[in-house]
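The values are calculated or read from the model by the stated rules, or taken from the named source; none is laboratory data. Please read these numbers as outputs of a predicted model, since none were measured by experiment. When we count neighbours, we look across all protein chains shown, and the Cβ atoms used for this are built from the backbone with ideal geometry, even at glycine. Just the protein is used for accessible areas: all its heavy atoms, side chains included, with ligands, DNA and RNA removed. Shrake-Rupley method; radii C 1.70, N 1.55, O 1.52, S 1.80 Å.
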Amino acid sequence: MHTVTLIPGDGIGPEVTAAAVEVIAAAGIKINWEIADMGITALEKYGTPLPDEAIASVKKNKFALKGPVTTPVGKGFRSVNVGLRQALNLYANLRPVKSFPGIPSPFSSVDLVVVRENTEDLYAGVEHNIGNVAAEAVKIITKEASNRIARFAFQYALEHRRKKVTAVHKANILKLSDGLFLNTCQAAARDYPDIEFSDRIIDALCMDLVLAPHKYDVLVLPNLYGDIVSDLCAGLVGGLGLVPGANIGTEGAVFEAVHGSAPDIAGKGIANPTALMLCAAMLLDQLGETTAAEKIRRGIEQVIEEKIALTRDLGGSSSTREFTEAICRAIV
Ligand code: NAI
Ligand code: MG
């Protein structure tokens with residue numbers, strides 16, 4: 001039996017992770033879940049939103065399924081997510097964005113993958129006040145991290161039969177930092193002659209994505225642009241409730257949705273658990289349980305396409321529970 005860390009998280013986290021756990025069971029896979037607290041829940045229990053116990057659990061089990069956590073604002077805490085990614089060196093954030101048939105969204109048949117660098121850039125957390133008149137944040141781009149994420153993107157493209165990789169940057173203005181990122185991607189591209197390579201300036205890419213997302217295949221971006229473009233891409237296919245993600249490092253992976261803890265709908269039983277269920281499928285792929293992963297994906301697609309149940313964000317009126325039960329029935 002596999003042992004995997006389960007981080008229920010805050011807000012809608014416990015609701016959507018519970019739904020993901022249910023579909024894994026419905027697909028016939030037994031997992032020994034080791035529960036770990038992070039976020040507000042952990043803050044109340046341990047006095048810190050990112051307890052060492054939780055990090056140790058992920059380190060030991062190598063894999064975690066994680067709900068979103070709320071970062072306490074204005075209390076001097078750093079982001080739990082950034083802290084976790086740095087503690088485990090989860091350097092790549094992989095976010096496959098795919099249209100579902102039958103969902104009202106700006107486009108159909110979008111199929112692209114966002115590969116976001118996960119450890120540096122403005123998220124390195126080097127920020128300080130200059131007296132009380134200004135504040136400064138440092139954008140850190142290293143050759144090592146840029147090379148690692150570029151190669152991750154090309155390797156992913158190769159293994160998943162993708163055709164193109166596009167590096168996204170603002171090297172025309174940030175000549176040194178984004179320039180280094182771009183040059184490093186260009187150098188990596190030479191080792192992957194079968195994958196088409198191009199680059200795009202971030203603002204132009206954003207316009208292009210909302211006009212013609214089909215032009216793109218795999219996008220590789222520094223941390224901040226990757227964060228923003230992920231949400232934009234989620235919008236292309238019908239919203240944050242649908243896009244899963246994986247934070248991948250050399251020693252393990254943490255699977256979590258692109259969306260946050262959605263305090264506006266937390267506790268109401270109406271959150272869309274699709275993103276977390278797709279995270280569950282990505283986790284099963286990593287555990288070698290690819291048949292079960294495929295069953296989950298097909299179950300979700302069937303329920304959404306045939307409108308057997310739809311949550312409110314997808315234009316339906318089903319609760320998280322009703323939607324989850326429909327998918328569990330579709331899986332078996
Ligand atoms: P959010 O993603 O939580 O919510 C944005 C909007 O999308 C809200 O209207 C929400 O109701 C809706 N939404 C999100 N997920 C949904 C789902 N599964 N089903 C239906 N509707 C959904 O972003 P927001 O409000 O900016 O952030 C809230 C908190 O989450 C903040 O404390 C933020 O720091 C945290 N956060 C945590 C993340 C993580 O743990 N990985 C990622 C992003 C934000
Ligand atoms: Mg984000």
Hey, what D do you get for the stretch 191-301 in µm²/s if you plug the Kirkwood alpha-carbon radius into Stokes-Einstein at 37 °C and 0.692 mPa s? 205
State whether the stretch 133-264 is rounded, prolate or oblate according to the following rule on the C-alpha gyration tensor (a ≥ b ≥ c being the square roots of its eigenvalues): a/c under 1.5 gives rounded; otherwise a/b larger than b/c gives prolate, and the remaining case gives oblate. rounded
Which GluC sites (Glu not before Pro) in the stretch 171-277 sit in a loop by DSSP (not H, G, I, E or B) and have at most 16 other Cβ atoms within 10 Å of their own Cβ? GLU251
Under the rule rounded for a/c under 1.5, else prolate if a/b exceeds b/c, else oblate, using alpha carbon gyration tensor axes a ≥ b ≥ c, the stretch 1-50 is classed as oblate
On the full set of protein chains, 1.4 Å probe, figure out the accessible area of PHE197 and give it in Å² to the nearest 10. 60
Quick check on the chain: helices-only [θ] at 222 nm, where DSSP H runs of length 4 and up contribute -39,500 (n - 2.57) each and the sum goes over total residues. Nearest 500, please. -12500 deg cm²/dmol
Could you please put SER108, SER261 in sequence from largest to smallest accessible area, using a 1.4 Å probe? SER108, SER261
Any chance you could look up the accessible area of LEU174 with a 1.4 Å probe, heavy atoms only, rounded to 10 Å²? 60
Net charge contributed by nearby residues that have their C-beta within less than 15 Å of HIS160 (K/R +1, D/E -1): +1
Carbon plus sulfur fraction of accessible area for the chain, probe 1.4 Å, in percent: 54
Got the relative contact order for the chain handy, in percent, Cα pairs under 8 Å and 6 or more residues apart? 24
The stretch 13-118: trypsin sites (Lys or Arg not before Pro) in DSSP coil with no more than 15 other Cβ atoms inside 10 Å: LYS30, LYS75, ARG78
Sorting ILE130, ILE300, ILE29 on solvent-accessible surface, 1.4 Å probe, most exposed first, gives ILE130, ILE29, ILE300
Rounded, prolate or oblate: which fits the chain when a ≥ b ≥ c are the square roots of the eigenvalues of the alpha-carbon gyration tensor, with rounded for a/c under 1.5 and prolate only if a/b beats b/c? oblate
Linear extension gain, LYS175 paired with ASN129, 0.36 nm per residue minus alpha-carbon span: 14.1 nm
Picking from ASP121, ASP231, ASP191, which is most flexible by a Gaussian network model of the chain using Cα springs under 10 Å? ASP191
If you average the alpha carbon positions of the stretch 282-314 and of the stretch 15-82, how far apart do those two centres end up, in angstrom? 22
Can you compute the label reach from MET207? Point 7 Å from Cα along the Cβ direction, backbone N cut-off under 19 Å, restricted to the stretch 170-186. 170-174
Of the DSSP beta bridges with both residues in the chain, give the percent that are antiparallel, rounding to the nearest 5. 40
Could you tell me which of MET38, ILE7, ILE248 has its Cα farthest along the dipole of the chain towards the positive end, charges placed at Cβ (Lys, Arg +1; Asp, Glu -1), taken about the Cα centre? ILE248
Taking only Cα atoms and a 10 Å spring cutoff, compute GNM fluctuations for the chain and point out the largest among ALA293, ALA87, ALA280. ALA87
Exceeding the 28 Å Cα-Cα cut-off - candidates LYS62/LYS164; LYS60/LYS143; LYS62/LYS295; LYS59/LYS215; LYS62/LYS175; LYS175/LYS215: LYS62/LYS164; LYS60/LYS143; LYS59/LYS215; LYS62/LYS175
